[in-house]
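One structure is given here, and the rest of the page talks about it.
Every number here is computed from the coordinates shown, using simple stated rules; none is lab data. Quick caveat: nothing in here was measured; it's all calculated off a predicted structure. Note that each Cβ is placed from the backbone with ideal geometry, even for glycine, and that neighbours are counted across all protein chains shown.
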Amino acid sequence: MKVSAAIEKRRSYRSLEKIEIGENVIKELIHASSLAPSCFNNQPWRYVFVTSPKILEKMKTSLKKGNEWAHEASCIAAVISKKDLDCVIGGTEYYLFDTGIGVGQLILKATEMGIVAHIIAGFEHKKVEKFISLPEDWNIISLIIFGKRSKKKLEISDEDRPERLSLKYVYSIDEYSKKLNKKVKH
């Protein structure tokens, strides 16, 4: 699959069914992430993949209302990092940006493999920290829910791609434009 095809195909589906996410699959996903660019090649992205049924059930108790669909997850990965793993230049902490690039590549690889990889922010951080035994000096940036796309219908359809901002609101040339303030309407 070409990168452009993976970008077009990638979706954050919520209608999932279980699939096997073993260590070989995880290694393929991590390899794609590991090739991402980062400040001075610091590679600040880290992941804790939860596949054990016992810990997976605990992780599901951390999910906030609206993320009940994720109870069908085959695997949940905590995306973690910390500031001192990457550059801080002029007050900008690059570990969040660079980790995001690594996650983006991981998600495109998952798409190529026929796996749904849905990033979520709706979870209780303290619970997840406890469940994965995360040391205090680490930050959970997000969770990634993994599974196979199911054809079962949800109350809220995920068939159609959510509306995207018109490109004219995403960039300007040579100087800042107020049009960049446009927000996505939900």
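Within the chain, the whole DSSP H helices whose Cα atoms reach 24 Å or more along their own axis and whose mean Kyte-Doolittle score is at least 0.5 are 95-112. Would you list, by chain and number, the lysines whose Cα falls below 24 Å from the Cα of K179, excluding same-chain residues fewer than 8 positions away? Output for K179: K168. Highest average first, the peptides 77-85, 167-175, 98-106 ordered by how many other beta carbon atoms sit within 10 Å of their residues are 98-106, 77-85, 167-175. For the pair region 91-154 / region 1-69, the C-alpha centres are spaced 6 Å from each other. In this Cβ point-charge picture (+1 for Lys and Arg, -1 for Asp and Glu), the chain has a dipole of about 700 debye about its Cα centre. Take every Cα pair under 8 Å whose residues are at least 6 apart in sequence, average their separation, divide by the length of region 3-156, and the relative contact order is 37 percent. Tell me which of G22, G102, P44 sits at the most positive position along the dipole axis of region 3-156, charges placed on C-beta atoms (Lys, Arg +1; Asp, Glu -1). Of the listed residues, the answer is G22.
Here's the picture: charge each Lys and Arg Cβ at +1 and each Asp and Glu Cβ at -1 in region 1-156, and of Y13, S33, G122 the one pushed furthest to the positive end of that dipole is Y13. Under a straight-distance cross-link criterion of Cα-Cα below 23 Å, which lysines are reachable from K64, leaving out those fewer than 8 residues away in the same chain? Partners found: K18, K54, K126, K127, K130, K148, K152, K153, K185. Each principal axis of region 3-156 carries a Cα extent, and these read 49, 37, 30 Å when sorted largest first.
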